[in-house]
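Encoded as structure tokens, the structure appears first; notes follow it.
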Amino acid sequence: MSTPAPQVLAATVHVLDPASREPLVLTVGTEVADPAVTEQITNPACWASPPTAPDTPVRKTKATQD
């Protein structure tokens, strides 16, 4: 599986370090590449460009199944 491209912050955020569980303050312009940190930032307005959703297969409904 490929590593996601780093996302750039548009706001200062407070998160927990995934390994040590210590509080971190990430400031505007910080590139975030660690998925464990990225998933803690749930407000889309915090990103310079919103993170792209992972590719997931679309489920077939019973009506469209053969």
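The values are calculated or read from the model by the stated rules, or taken from the named source; none is laboratory data. If you're wondering where the values come from, they're calculated on a predicted model, not measured in any experiment. Glycine also receives a Cβ, built like all others from the backbone with ideal geometry; neighbour counts cover every protein chain displayed.
List of remarks:
- Within segment 23-33, the set of residues being farther than 12 Å from residue 8 by Cα and either touching a residue at least 24 places away in the same chain (Cβ under 8 Å) or surrounded by 11 or more Cβ atoms within 10 Å (Cβ to Cβ) (or both) comprises 24 only.
- Within segment 7-22, considering residues that are surrounded by 14 or more Cβ atoms within 10 Å (Cβ to Cβ) and part of a strand (DSSP E or B), the one modelled with the lowest pLDDT: 7
- For segment 46-57, the criterion of a residue being of a type in the set (Val, Ile, Thr) and modelled with pLDDT under 80 is satisfied by at least one position.
- Annotation: of all residues in segment 5-37 being polar (S, T, N, Q) and closer than 16 Å to residue 47 by Cα, the one that is nearest to the chain's Cα centre (by Cα) is 7.
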